[in-house]
1. Lys369: which lysines have alpha carbons under 16 Å from its alpha carbon, excluding same-chain residues fewer than 8 sequence positions away?
2. Can you classify the range 17-85 as rounded, prolate or oblate using the Cα gyration tensor, where a ≥ b ≥ c are the square roots of its eigenvalues, rounded means a/c under 1.5, and otherwise it's prolate if a/b beats b/c and oblate if not?
3. Which of the trypsin sites (Lys or Arg not before Pro) across the range 235-283 are loop residues per DSSP, with 12 or fewer other Cβ within 10 Å?
4. Need one number: convex hull volume per residue for the chain, Cα atoms only, in Å³.
5. What share of the DSSP beta bridges in the chain is antiparallel, in percent to the nearest 5?
6. Using alpha carbon centroids, what distance separates the range 212-236 and the range 277-344, in Å?
7. Specify the longest stretch of the chain that does not include any exposed loop site, a site being one of the chymotrypsin sites (Phe, Trp or Tyr not before Pro) with a non-H, G, I, E, B DSSP assignment and at most 14 other Cβ atoms within 10 Å.
8. Cα centroids of the range 364-386 and the range 194-209: how far apart, whole angstrom?
Amino acid sequence: MKDLLRPGRMWRTGLPLKKRYDVVIIGGGVQGLATAYYLAKNHGITDVAVLEKSYIGSGGSGRNTAIVRSNYRTPEGASFYQASLDLYDDLSAELDFNIMLTKRGVLSLAHSERALATATERASVNQKLGIDSRVIGLDEVRRRVPALNTSDDVTWPVMGALLHPGGAILRHDAVVWGYGRGADRRGVEIHPFTEVTGLDTSGDRVTKIRTSRGDIEAGTVLSATAGWSSGICKMVGLRLPMKTYVLQAFVTEPIRPLLVETVVSTQMRLYVHQTTRGELVAGAEAEPYPTYQGRSTLTFIESISRYLVELFPAIRDVGILRTWSGLCDVTPDYSPIIDRTPLSNFIVSAGWGTYGFKAAPIVGVTVAKMIATDRVDPLIEPFGLQRFTTDRLVSEAASAAMSH
Ligand SMILES: Cc1cc2nc3c(=O)[nH]c(=O)nc-3n(C[C@H](O)[C@H](O)[C@H](O)COP(=O)(O)OP(=O)(O)OC[C@H]3O[C@@H](n4cnc5c(N)ncnc54)[C@H](O)[C@@H]3O)c2cc1C
C-alpha cells in the first residue's frame, strides 16, 4: 500500500520478466492496457504481462487526434462504438484519472446530394439504436459554426451536415496512463522496451514468446499491436486481410475560441477540432500507399492547409506548430478484427485503422471476457476473421475512412 501511494508513480518500473504468465499481451497501447485492466478488474486475472517494444503509448495511442464518436454506418459498428462511448462517460471516475472528456459534438459536412443521402442513411441507422445523430440544414450549420465559409465561393460549397452531439474529444495520453496505472495497481506487469522478436508454435498453440529480454511462455497470447499486427501474425504463419498505412496530423498555435464541434469534410479529406487550450488539431485521410515509413510530408500540410483556409478564412495567418504521423492498420471493410485464431491460445485485435482509440474501453471489456471465459460477446461477434470468407463484411468505409 505504501508503494502505491508514492507520488508521481504511474506503474512499477524495472520489473524482472518471469518465465511464464497466464496471459501475455503484445503491445502497450491503449487496447493492450485496457484489456489488461479489465482482465484484472472484471475477472481477477492478474498474472498478466504487457510487453511493449518502445515506451508505453508510443504507437497510435499516443499519436491520435482523440475524437470519440459512435455515428457509424452499420448497426454492428454503431452499437459497438456506442458501447465504448458509454464506458468513456464514466472512465475518469473508473480510473480515478481525469481523461478530460468534453462532449463538443461532431459535424460531418455534406457538399453534395450524394453526401446528404449517405448522412441521412447513417442518421436513421443511428437513431434506431438511440444514438443522437441527425442531418441539419445550412442555416443550422451557419448558426453552429459561424467561422465556416458557407458561401458558394469555395471548391465544394457546404449543403448541410450530419450532426452527432454525443461525439467528444479527450486527452488521449490520460486514457493510456489511466489504464496502465489501473492495471499495474491490480498486479499486472507492464514491461516497456521489451520487443517480441518471435513466436514459436507447436500443434495448435503458441509455445514460446521470444523477446529482446529472453524467452517466456503464456497460457494465452493477445496481439494488440495495431499497425504492426501483420508482422506479429506472420510469426505464427497467419496472414491478416489488412494493410498498414501512415496517417498524419498537425497542431496550430493557440487561438481564440473558433470551434465547438469537430468539423469533418470527407470531400476535402480533412477534419479539425479546437482543444481546450485553443490549438486547432487537424488531420486528413491515411496516405494512399501502404508503408511503415512514419515521416510527415509537405504535401500533406499543403493540401490540408489549402482546404482548411478555404473553409475557415479567418485562420489563414495561424502558424502550424507541429506535425506527426502514425501507423494505421486497415481492413477491406474498415472494421476491426477481434477474434481467436487457428492457434487455440492466440487472439488478435487489429484492423484499427484511423478509429481504434475510441474503441479501447469496449475492446478491453470484451477481449478480457473472451480470454477469461472463452465466450465471444455479441458486440464483437460481427468482427471475426470468418467474415472475409463468408461474405459478411461490415462496411464502414463511408463513415470511418475519413472521420476517425
Ligand atoms: C494521426 C492519427 C490520428 C488518429 N485519430 C484517431 C481519432 O481521432 N480517434 C480514434 O478513435 N482513433 C484515431 N486514430 C487511430 C488510433 O490511434 C489507433 O487505432 C489506436 O491507437 C490503436 O490502439 P492500439 O493500442 O491497438 O495500438 P497502438 O497504440 O499502435 O499500440 C500498439 C503497440 O504495439 C507495440 N508493438 C509493435 N510491435 C511490437 C513487438 N514486436 N513487440 C512489442 N511491442 C510491439 C508498438 O510499439 C505500439 O506501442 C488515429 C491514429 C493516428 C496515427
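1. Lys41
2. Details: a/c = 3.23, a/b = 1.61, b/c = 2.01.
Since a/c reaches 1.5 but b/c is at least a/b, the shape of the range 17-85 is classed as oblate.
3. Of the trypsin sites (Lys or Arg not before Pro), the ones in loops of the range 235-283 whose Cβ has at most 12 other Cβ atoms within 10 Å are Arg239, Arg277.
4. Values: hull volume 54.9 nm³, N = 404.
Normalising the Cα hull of the chain by residue number yields 136 Å³.
5. 70 percent
6. Taking the Cα centre of the range 277-344 as reference, the centre of the range 212-236 is 26 Å away.
7. Within the chain, the longest run free of exposed chymotrypsin sites (Phe, Trp or Tyr not before Pro) spans 56-192.
8. The range 364-386 and the range 194-209 have Cα centres spaced 22 Å from each other.
Throughout, read-outs are computed from the coordinates displayed, never taken from laboratory work. Everything numeric in this text was worked out from a predicted model, so none of it was measured. Counting neighbours? That spans all protein chains shown, and the Cβs are built from the backbone with ideal geometry, glycine included.
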